[in-house]
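The values are calculated or read from the model by the stated rules, or taken from the named source; none is laboratory data. It should be emphasised that the depicted structure is a prediction, and the values quoted were computed from it without experimental measurement. Here the Cβ positions follow ideal geometry from the backbone for every residue, glycine too, while neighbour counts run over all protein chains shown.
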Amino acid sequence: MIPTYSRRAVLNGLAATMAASLAPARHAFAQLDDRAFFFLADTQARLLASMCDTLIPKDDFPSASEAGVVDFIDLQLAGPYGQGEGLYLEGPFPEGSESQGYQLPFTPAELMRRGLNAFGEAEPGFADGEESRREDMLTRLSEDDVDLGDVPARAFFDELWQLTNQGYFADPIYGGNSDYAGWRMVGFPGAHAYYPSFVANHNVPYPQPPMGINHDPGGDGGLPRVTKRQEG
Amino acid sequence: MPDKTLPKTDVVIIGGGWTGLTAAYELAHAGQRCVILERGDHRHDATSFAGPEEHDELKYALRYTHMMDVKQNTLTFRNSRDQRALPMRRLGSFLPGEGLGGAGIHWNGQIWRPLPSDLEMRSHYVDRYGSDVLPDDLSVQDWGVTYDELEPHLDFFEKICGAAGYAGNLNGESRDGGNVFEGPRRNDYPNPAMKQPISNTLFGKAADEMGLHPFPMPSANVTKAYENPYGAQLHPCTYCGFCERFGCGYFAKADPIICVYDRIKEHENFEIRFKSTVLRVEKSEDGKTATGVTYIDDQGREVFQPADTICMNAYALWNVHLMLVSGLGTPYDPETRTGTVGRNYSYQTIAAVDAFFDDEIITNPFMGAGAMGVVVDDFNGDNFDHTDLGFVGGGYIACKQYHGRPISYQPVPEGTPSWGREWKRAVRDNYLHHADMVIHGSSMSTPENYLDLDPTWKDAFGRPLMRMTFNFPENDRKMSEYVMNRTVEIARNMDNVTSVSSVNLAAPGKDYTIVPYQTTHNVGGAVIGTDPATSVVNRYGQMWEHHNVFVFGACLFPQNLGYNPTGPLMGLAYWTLDHLKNDYLGNPRPLMDA
Ligand SMILES: Cc1cc2nc3c(=O)[nH]c(=O)nc-3n(C[C@H](O)[C@H](O)[C@H](O)COP(=O)(O)OP(=O)(O)OC[C@H]3O[C@@H](n4cnc5c(N)ncnc54)[C@H](O)[C@@H]3O)c2cc1C
């Protein structure tokens, strides 16, 4: 029985069109499915999943949320990155030119929370929309053509897209790229990298399947060691 | 008043990267008691950089775990004087280091020498093309030190790194397969060139067929078991593809920890203090010398360390910042064009060309190394006739395979949407079938590109941030466009190529932006020369205004050459140390008359 606050329960609350793609058979953070999110509220998580899956939709390879990207983003926002590590946040905060880079007073976590809430209000039907409609809305977001109050639409989009992309392709220890979805898709063999005798073999496909940092050969894919140990 | 004043030491060295550790090695062996103050922490290749944990793209390449912390110190930036500079709130365009080894830990290891003409830039161009060739808005100048003077030191640094390559000019004899444009070298590289993947090989083949002169990129990713002159043991590169932005746990990428620090750390004249940020250099009452440095130690105390000689090795940008906050030298004023500290800041002008192959070509981009490349130098420096081109300088063209890390390496042909279904398909289809070419161009100095102090923002220690004012000069925009177009021609001639795209970061009308990574090749601001009106240090790296302060690093470059800076700046470092040890210490004084 999955508790009602669980990730799977939250994401299964999506519209039927989306829900089909949101029943991950098995992924790296499957053991988190019956736990609550660390940072995201349920409504934010649902909206985020539909936005991520518009950016990286399902085809022969999993969609973003199927690959654990919502879990990844949740963990990133709850962690040091989300809380503003590596970000100089001393005021004042005058507006700058594009070439001067990020000038908002928000940590990534604040930016995403505000952005998701404001976008949810501005586009209440987003998650239920057809893919083409969702694409149009995200295009407008990326072009700064949506009013999100004190959050510039483009800055929110850029953060969202960066995190989504990172979640799909980062090592599975961070909760995304589950079952190496992103790495299998492109053919990246991973962290156990040692090619002195292969690099000059021209046009020969590399035969090894992906292995992440915590990969146990012959084990169960990307399950983090720490969690397994706890499970006994 | 400092919380504490320590006993005097012979030499205090600010910064424990390539130049700082090397200064300590050489001066400790010359009998000088050296203290290095390093703002970051201890770390070591054997314990801190081992795979698979080090092979974490998110943590190191994108969250910048080995780099400096902008919360402690950053700078403000604007494109021109009529703009308000704003803080660089996160790292982007360049990634300076922090901690033992500095940026020498996460560099790529592309190890170059300057061309002889690069070092005599103004006189060389004027001699060859007449005085009109240099536009008025360029403040290009000679280095005041020549290739022949630096050659033994460039040679020695290649040996320290166990550099891998193939000489193109051995004692004046030109050799096919090497860089036939380089200055004469007394020795070949200590190790054979790297292996090459199919992408770089096809680039070299096309360039060769066009009558150009391709050669393997000189590399500090070592190709054989090797012992350097200090006794450090290096191992062959594994082509793991986690080089730039990562430390090398294989002991295969030459870095200052294994090549220098390990060989000096036990010496009785050597001491390094970590988590020790130098706040400023203190001057004597008459201002003619410095008395030592004030720093915050690892317990947060403000400490004064007196010293006879001060070496500034804090990386190009932070050397200039320290001079500005300490009142060393005379700050540059762009209004009157007087003063020198902060003058002639320049950078590197980058353009890129992508070639996409059909499915027959499988590149395996994840098999890479920081300096695994094939290079064409025909359009660098003054290796080609500049008559009527309307610009000076040039750049090397390199086809490189340095990583296939899947968040950052997502090449897609022109016209592909930047996300969504079509994008996803294109990423999947092209990952194994792409060649990456860079145009690594020179950057000319101008009176309007400079460094000074910001009036508003402060760092964690209450010091004003440094303010950078920079945009690409017209000269460099034209240069970049020209060399990029030559690159496109090569790319189109490569076998099995189905499409080619290009981007010039210095395209006409495009402002330099601090956001996307370009290079950590910030140069100038405290330049070397023979005239105190246009240089901060004399030709020995000694400050004109304070003779016991010696300056190291790329801040010395009067303008940037088309090559990566570490080879040239380490050549200068050994040159300076040679004169410091053999001339200055026995009789401390200005080594040149002002
Ligand atoms: C991603 C990347 C790739 C690169 N690739 C190449 C390449 O392929 N080829 C090439 O030639 N060059 C390359 N470089 C550049 C190369 O790393 C630098 O040129 C070189 O490290 C400069 O040496 P340095 O001693 O001047 O400075 P660093 O090595 O940066 O050392 C400076 C040290 O000073 C310390 N410091 C700064 N301020 C203070 C202070 N106030 N108090 C105490 N300590 C302080 C810093 O923490 C740092 O450890 C690359 C750089 C980067 C970041």
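Brief remarks on what is shown
- Every condition in (1) under 27 Å from B:THR520 (Cβ atoms); (2) away from the ligand (no atom under 16 Å from the Cβ); (3) within 14 Å of chain A (Cβ to nearest Cβ) holds for B:ALA225 except the one numbered (1).
- Residue count, region B:514-534 (criterion: under 19 Å from B:HIS321 (Cα atoms), part of a loop (DSSP other than H, G, I, E, B) and more than 10 Å from the ligand (Cβ to nearest atom)): 6
Residues checked against (1) within 19 Å of B:ALA314 (Cα to Cα); (2) within 14 Å of the ligand (Cβ to nearest atom); (3) out of contact with any His (no Cβ under 8 Å at 6 or more places or on another chain):
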position: B:GLY16; (1), (2), (3): yes, yes, yes
position: B:GLY31; (1), (2), (3): no, no, yes
position: B:GLY104; (1), (2), (3): yes, yes, yes
position: B:GLY109; (1), (2), (3): no, yes, yes
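- Residues in region B:6-52 that are surrounded by 24 or more Cβ atoms within 10 Å (Cβ to Cβ), part of a helix (DSSP H, G or I) and β-branched (Val, Ile, Thr) were compared, and the one that is farthest from the chain's Cα centre (by Cα) is B:THR22.
- When we screen A:GLN83, A:GLN76, A:GLN44, A:GLN100 for residues that are in contact with a strand residue (DSSP E or B) (Cβ under 6 Å, 6 or more places away or on another chain) and either at pLDDT 95 or above or buried (at least 16 other Cβ atoms within 10 Å of the Cβ) (or both), the only hit is A:GLN100.
- Evaluation of B:TYR332 against the conditions (1) of a type in the set (Ser, Thr, Tyr); (2) buried (at least 18 other Cβ atoms within 10 Å of the Cβ); (3) more than 26 Å from the chain's Cα centre (by Cα) shows that the sole unmet condition is (3).
- Restricting attention to region A:63-96, the residues that are in contact with an Asp or Glu (Cβ under 8 Å, 6 or more places away or on another chain), within 26 Å of A:ARG140 (Cα to Cα) and facing chain B (nearest Cβ under 7 Å) add up to 0.
- A Cβ distance below 6 Å, combined with a sequence gap of six or more or placement on separate chains, defines the contacts here; from region A:46-62, residues that are more than 7 Å from chain B (Cβ to nearest Cβ) and in contact (Cβ under 8 Å) with a residue 40 or more places away in the chain reach residues that are of a type in the set (Ser, Thr, Tyr) and part of a helix (DSSP H, G or I) in the pairs A:CYS52/A:THR164.
- Among the residues of region B:98-113, the ones that are out of contact with any strand residue (DSSP E or B) (no Cβ under 6 Å at 6 or more places or on another chain) and either facing another protein chain (nearest Cβ under 8 Å) or not aliphatic (A, V, I, L, M) (or both) come to 11 in all.
- Tally of residues being within 12 Å of chain A (Cβ to nearest Cβ) and farther than 16 Å from A:SER197 by Cβ across region B:228-240: 0
- Within region B:254-269, one or more residues are surrounded by fewer than 20 Cβ atoms within 10 Å (Cβ to Cβ) and touching a strand residue (DSSP E or B) at 6+ places or on another chain (Cβ under 7 Å).
- Check on A:SER178, at negative phi, free of Cβ contacts under 8 Å to residues at least 12 places away in the same chain and more than 8 Å from every other protein chain (Cβ to nearest Cβ): no
- Test: residue in region B:78-85 that is touching a residue at least 40 places away in the same chain (Cβ under 8 Å), surrounded by 19 or more Cβ atoms within 10 Å (Cβ to Cβ) and within 16 Å of the ligand (Cβ to nearest atom): no
- Scanning region B:400-453 for residues that are buried (at least 22 other Cβ atoms within 10 Å of the Cβ) and among the acidic types (Asp, Glu) gives B:ASP436, B:ASP452.
- Going through (1) more than 30 Å from A:GLY167 (Cα to Cα); (2) touching a Lys or Arg at 6+ places or on another chain (Cβ under 8 Å); (3) not in a loop (DSSP other than H, G, I, E, B); (4) not charged (D, E, K, R) one by one, B:ALA167 falls short only on (3).
- Residues that are out of contact with any helix residue (DSSP H, G or I) (no Cβ under 8 Å at 6 or more places or on another chain) and in a loop (DSSP other than H, G, I, E, B) were ranked within region B:473-509; the one that is nearest to the ligand (Cβ to nearest atom) is B:PRO473.
- Filter result for B:GLY31 (more than 22 Å from B:ILE258 (Cα to Cα) and at pLDDT 95 or above): yes
- The condition of being surrounded by fewer than 22 Cβ atoms within 10 Å (Cβ to Cβ) and touching a Leu at 6+ places or on another chain (Cβ under 6 Å) holds for only one of B:ILE362, B:ILE350, that being B:ILE362.
- Residue that is farthest from the other protein chains (Cβ to nearest Cβ) [pool: residues in region B:53-93 that are assigned to a loop (DSSP other than H, G, I, E, B) and either closer than 21 Å to B:MET372 by Cα or of a type in the set (Asp, Glu) (or both)]: B:ASP82
- Condition met for A:SER99 (over 20 Å from the mean Cα position of the chain (by Cα) and more than 7 Å from chain B (Cβ to nearest Cβ)): no
- Residues within region B:272-313 that are among the β-branched types (Val, Ile, Thr) and free of Cβ contacts under 8 Å to residues at least 24 places away in the same chain, tallied: 1
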